[in-house]
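Here is the structure we will look at, set down as structure tokens.
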Amino acid sequence: MTQVIDFIMSLSGPLVYVIIGALAFGEAAAFIGLVLPGETALFIGGVIASQGHINIWIMLTVAILAAITGDSVGYEIGRRFGPGLKNSRVGRFVGAERWVKGEQFLVRRGGSAVLIGRWVGLLRALVPALAGMGRMPYRTFLLYNSIGGTIWATTVVLLGYFAGQSYKTVEQYLGRASLILTFVLAGFLLIALLVRFAVRNNVWTQQQVHKLRTSRPAAALTSATRTAASGLNTRQGLITVGGVLLTVVLFSAGYTLLSRVPATGLALRGINEPVLSWFLDHQDDEFTAIMAVIAVLGHPAAITAIIIATTAVLPRSGLSNVLVPGAITAGGAVVITAAGHLAVAGTPNPIHSSQLGISLLSPAGTTLISAAILTTTAWFLIGHEHSWTSKVLTLAGLITTGGLIVLSHLYPAVQQPTDTVFAWAAGSLWAFTIAALWTAARHVPSPRDETPVQEQD
């Protein structure tokens, strides 16, 4: 295999795209991944791109398309040939033990096995065919295959691109952003370790969660939420939601107005300027492009489109429960940001270093709306899932996604850091309140449904 790698490394031009694309395609389509793992080929493609011999964007496109189409062909092979494929010459080469491991993983994980299996060489080669044998709906397979293929191919190619052949290449391409990337990777590692601990020690973790939920502050909050939710089944429901919205609006608009007052503005500048200067000193063209992509994907419109599309493709995913409360939460978040926009309209800005406050036109405004939508989605997905592991992964996904969105708005240094952090907190607070009220209202009987007790003579 070393000779194959050396041969590919010596190439340049379109032939590189063809060979690496074919290897990534054939990993599942022809079980090549059992001999030469696909991530090895894609990593080499990234390294060659870092040397300037090929275009990184074309390499990424080829890698993603090859990964998705290769698994789709593997799925079709499994569907057409069925279990008999295991007894063929290729099936015997794979080995009975490997087939069993793949089947057990697919049965245990379902559609998510296609996504998770992307990161394990054996599963990446076998799961598509096994999914076809098991008659998994192609629509389900294609969704997980597309998401997994895009994330996996992009990650591996970029790792090769940034790594290059030596530490000097890493410094050259990551530049001043390397320290930020280190913090990001450390954050991912911390979240992964916490998830692993929560899953492996699920009994102890669930006991701690139960203690927290039954504590006095939590019990008082639950009681207040149920009392307020009982009004949602009457005409007082609109007043309840309106009161919550007004509170958050005053909270957000008050912060925005205070940020324009010279005294508090200067105090905030003492916090913000060092942070902004640090980000400016550690900016890099490549990392800036990555942050721009994350900012686009983290925009409220993109998040909403992804939720609606996923609901249409996977109606049983639990996202259908999010649509109505999510629309209410998003609408309220728009009102909150609009209030902040009106609060400072025509007000002179005493500090010109960057945008201040939370408004419809500022990155902090989109941060608030995105936080509201994502928090609402996570709330109802956690409630929909029965598996403790799925609940933990959903929460970890919310934290990771939220962190990346906040970072994508902090990194360009065009918005005060306190604005962005405050916006995420306000959006999450609003979403938690509405989600809790909505959930409680579904378990509170309407006064109209209650049968009056007749007094006996």
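The values are calculated or read from the model by the stated rules, or taken from the named source; none is laboratory data. Model, not experiment: these values are computed from the prediction. Neighbour counts are summed over all protein chains in view; Cβ atoms, including those assigned to glycine, are modelled from backbone coordinates with ideal geometry. All accessible areas refer to the heavy atoms of the entire protein, side chains included, with ligands and DNA or RNA removed. Shrake-Rupley method; radii C 1.70, N 1.55, O 1.52, S 1.80 Å.
Assorted remarks:
- Sub-7 Å Cβ pairs linking a first residue in region 263-292 that is touching a residue at least 24 places away in the same chain (Cβ under 8 Å) to a second residue that is open to solvent by less than 50 Å² (accessible area, probe 1.4 Å) and of a type in the set (Val, Ile, Thr), at least 6 apart or interchain, are Gly265/Ile351; Leu268/Thr418; Arg269/Ile351; Ile271/Thr418; Asn272/Thr418; His282/Ile180; Phe287/Ile180, ordered by first then second residue.
- Residues of region 128-153 that turn out to be assigned to a helix (DSSP H, G or I) and either of a type in the set (A, V, I, L, M) or open to solvent by 10 Å² or more (accessible area, probe 1.4 Å) (or both), as a count: 15
- Odd one out for Val322, checked against (1) surrounded by fewer than 18 Cβ atoms within 10 Å (Cβ to Cβ); (2) in contact (Cβ under 8 Å) with a residue 40 or more places away in the chain; (3) among the β-branched types (Val, Ile, Thr): (1)
- If you check Ala305, Ala253, Ala263 for being assigned to a helix (DSSP H, G or I), within 30 Å of Ala436 (Cα to Cα) and modelled with pLDDT under 75, only one passes: Ala253.
- Some residue of region 61-70 being modelled with pLDDT of 85 or more, more than 29 Å from Ile308 (Cβ to Cβ) and part of a helix (DSSP H, G or I): yes
- Search result, residues across region 396-419 that are open to solvent by 10 Å² or more (accessible area, probe 1.4 Å) and not hydrophobic (A, V, I, L, M, F, W, C): Gly397, Thr400, Thr401, Gly403, His409, Pro412, Pro417, Thr418
- Scanning region 359-405 for residues that are at pLDDT 85 or above, closer than 16 Å to Pro417 by Cα and over 14 Å from the mean Cα position of the chain (by Cα) turns up Thr366, Thr367, Leu368.
- Leu238 being in a helix (DSSP H, G or I), loosely packed, with under 12 Cβ neighbours inside 10 Å, on the phi < 0 side of the Ramachandran plot and at pLDDT 65 or above: no
- The residue that is farthest from Leu159 (Cα to Cα), counting only those in region 181-215 that are small (Gly, Ala, Ser) and part of a helix (DSSP H, G or I), is Ala198.
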